[in-house]
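Enquirer: I have a structure I would like to understand better, so I am pasting it below and will then ask my questions one at a time.
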Amino acid sequence: MLTIKKTNMATYKFMIDGKLIDSEKSFEVRNPATGEVIGSVAVSSPADVENAVQSAKKAQRSWAAKSDEERKKILMDVAQVLNDNAPYLAEWITKEQGKPLAGPGSLFEMQACVGWTQVPASLDLPVEVVFEDDTRRDELHRKPLGVVGAITPWNWPLMIAIWQISPSLRAGNTVVLKPSEYTTIGTLEMIRLMNTVLPAGVLNVVTGDGSIGALLIENKDVNKIMFTGSTKTGRKIIDASKGNMARLTLECGGNDPAIVLPGTDAAKIAGDLFWGAFINMGQTCACAKRLYVHENDYEAVISALDAVSAQMPMGNGMDDGIVLGPIQNKMQFDIVKSLVDDAKANGARIVRGGEPLGGEGYFYPITLVADIDNGTRLVDEEQFGPVLPIIKYKTIEEAIEKANDSDSGLGASVWGTDLNEAARVAKQIVSGTVWINQHGAIHPMVPFGGAKDSGYGVEFGVDGLKAVTQPQIISIKK
């Protein structure tokens with residue numbers, strides 16, 4: 001629940017129909033590295049949600065009537081706005097989310113925002129002739145769905161918003177977005193800037209806690225819902241959307257396994273493996289969250305990861321030289337602490353870290369946990385933080401079985417020098433993506449989505465663009 005407070009500081013407003021909207025209620029946003037209040041956000045009302053949806057519905061007709069080339073050109077203008085304002089927006093990401101400006105941090109996130117806008121703007125969905133003979137011709141056309149309701153998380157707040165906004169707009173839809181209450185200001189500022197080149201009503205934003213998101217999801221005029229977040233919330237969205245029959249794209253997180261094949265050079269892979277697990281402090285759906293290592297290589301891999309971890313400075317992301325920041329919020333901080341404490345209580349070996357750093361901010365050190373196995377909370381539950389359990393295996397069949405022993409199936413990775421063997425193993429893992437000698441290497445042209453409880457539907461590339469359209473068959477008798 002949000003803590004509603006009266007404050008004298010400037011309040012960041014949400015946007016409907018191209019206009020900034022204020023509210024009598026607001027909530028504070030704090031910097032997770034310092035605990036300081038960095039801004040106040042106006043809270044949308046149920047009436048505001050309805051107005052936003054109706055604004056999007058009205059604007060959708062003229063937006064869809066524009067030619068593909070017109071929409072592509074406007075999206076390229078949006079990409080230029082994002083690029084021009086990248087330093088400003090990156091600072092908001094760091095102050096609000098916690099990730100550092102440097103390295104794979106806030107400036108990296110803004111570069112991704114630009115790229116993931118340019119790519120959908122470059123794609124086409126031409127008419128397909130699916131059947132033709134002497135008597136008939138059947139064409140498949142791709143039509144916009146209408147209004148897209150977008151629900152975004154706090155871990156990559158601007159980038160994931162763009163993942164939902166850009167393909168939706170490219171296909172001729174309009175959008176109403178509800179950002180996480182933990183990371184609202186940067187998103188509001190990004191959407192305000194994007195609206196300097198978008199027609200009014202095409203991109204709207206409402207603010208508040210989950211109750212505001214629920215109103216958006218349930219709205220009878222929302223035709224598509226895009227969500228990134230927990231499986232628990234994803235199930236609620238499935239249930240809440242039954243009234244409007246909205247199409248769904250759900251990315252519900254993962255508990256990604258990584259398997260190191262026997263005989264792999266630990267020192268060679270340690271750097272990439274570290275960032276595969278700890279980018280954004282492990283607060284990424286497609287991070288490596290369980291590491292399986294052959295018994296003969298176990299200590300060597302642990303030692304190599306420990307050596308890399310020792311070189312990574314942690315602190316306030318606004319400071320020079322920092323590459324690791326805090327956990328974003330107390331709720332997640334407490335989850336991470338609980339999982340590590342449980343592992344310790346059950347005999348796991350803490351190689352590095354294992355206790356909060358103390359002081360201001362939600363800082364928890366990079367933590368490597370050895371002598372642990374499936375069946376413990378830290379392995380079975382998604383930690384979504386800077387902790388990596390390292391599990392020993394005897395045979396590759398055992399590693400595959402343990403990797404698949406999860407309700408999640410977003411991503412996975414296999415590491416080794418024998419690419420044929422790595423591919424053989426990869427094909428046996430049940431997940432939406434399996435990377436080889438890398439982890440989390442998403443690309444705007446490559447479809448991305450989950451299996452099992454990690455959701456359904458895909459984003460990115462041509463398949464992601466198709467996911468925000470309605471196929472229509474035009475059947476012609478000759």
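Enquirer: Residues to consider are LYS392, LYS344; find the one that is part of a strand (DSSP E or B), open to solvent by 20 Å² or more (accessible area, probe 1.4 Å) and not aliphatic (A, V, I, L, M).
Expert: LYS392 is the lone residue from the list that is part of a strand (DSSP E or B), open to solvent by 20 Å² or more (accessible area, probe 1.4 Å) and not aliphatic (A, V, I, L, M).
Enquirer: When you scan the range 405-425, how many residues do you find that are surrounded by fewer than 19 Cβ atoms within 10 Å (Cβ to Cβ) and touching a strand residue (DSSP E or B) at 6+ places or on another chain (Cβ under 8 Å)?
Expert: Residues that pass the stated criteria total 3.
Enquirer: Quick check on the range 6-24: of everything there that is at pLDDT below 95 and open to solvent by 80 Å² or more (accessible area, probe 1.4 Å), which residue is farthest from PRO46 (Cα to Cα)?
Expert: The selected residue is ASN8.
Enquirer: May I pose another question? Grab the helices (runs of 4 or more DSSP H) fully contained in the range 43-154, keeping just those with 1 or more residues being of a type in the set (A, V, I, L, M, F, W, C) and open to solvent by 70 Å² or more (accessible area, probe 1.4 Å).
Expert: Because the criterion is at least 1 residues that are of a type in the set (A, V, I, L, M, F, W, C) and open to solvent by 70 Å² or more (accessible area, probe 1.4 Å), the helices (runs of 4 or more DSSP H) in the range 43-154 that meet it are 46-65, 68-84, 106-122.
Enquirer: Could you run through the range 285-318 and say how many residues are free of Cβ contacts under 8 Å to residues at least 24 places away in the same chain and outside any helix (DSSP H, G or I)?
Expert: Going through the range 285-318 one residue at a time, the tally reaches 2.
Enquirer: Consider GLN328 carefully, then state whether it is at pLDDT 95 or above, outside any loop (DSSP other than H, G, I, E, B) and closer than 25 Å to GLU91 by Cβ.
Expert: no
Enquirer: For residues that are crowded, with 19+ Cβ neighbours inside 10 Å and under 20 Å from GLU459 (Cα atoms), tally how many sit in the range 426-440.
Expert: 7
Enquirer: Something else now. When the residues of the range 205-259 are narrowed to those that are in a loop (DSSP other than H, G, I, E, B), open to solvent by 30 Å² or more (accessible area, probe 1.4 Å) and not basic (Lys, Arg), which ends up nearest to MET15 (Cα to Cα)?
Expert: Here the residue is ASN223.
Enquirer: Return a yes/no flag: does the range 372-382 have any residue that is within 30 Å of THR184 (Cα to Cα) and open to solvent by 20 Å² or more (accessible area, probe 1.4 Å).
Expert: yes
Enquirer: While we're on this one: Please count how many residues of the range 310-339 are open to solvent by less than 10 Å² (accessible area, probe 1.4 Å) and of a type in the set (Ser, Thr, Tyr).
Expert: 0
Enquirer: Are any residues in the range 228-259 charged (D, E, K, R) and farther than 30 Å from GLU397 by Cα, and if so, which ones?
Expert: Listed by number, the residues that qualify are LYS232, ARG235, LYS236, ASP239, LYS242, ARG247.
Enquirer: Another question, if that's okay. I'd like the full set of residues that are assigned to a helix (DSSP H, G or I) and in contact with a Leu (Cβ under 8 Å, 6 or more places away or on another chain), limited to the range 409-446.
Expert: Once the filter is applied, which keeps residues that are assigned to a helix (DSSP H, G or I) and in contact with a Leu (Cβ under 8 Å, 6 or more places away or on another chain), the range 409-446 yields GLU421, ALA422, VAL425.
The values are calculated or read from the model by the stated rules, or taken from the named source; none is laboratory data. Just so you know, these numbers come straight off a predicted model, no measurement behind them. Counting neighbours? That spans all protein chains shown, and the Cβs are built from the backbone with ideal geometry, glycine included. The accessibility values were calculated without ligands, DNA or RNA, using every heavy atom of the protein model including side chains. Shrake-Rupley method; radii C 1.70, N 1.55, O 1.52, S 1.80 Å.
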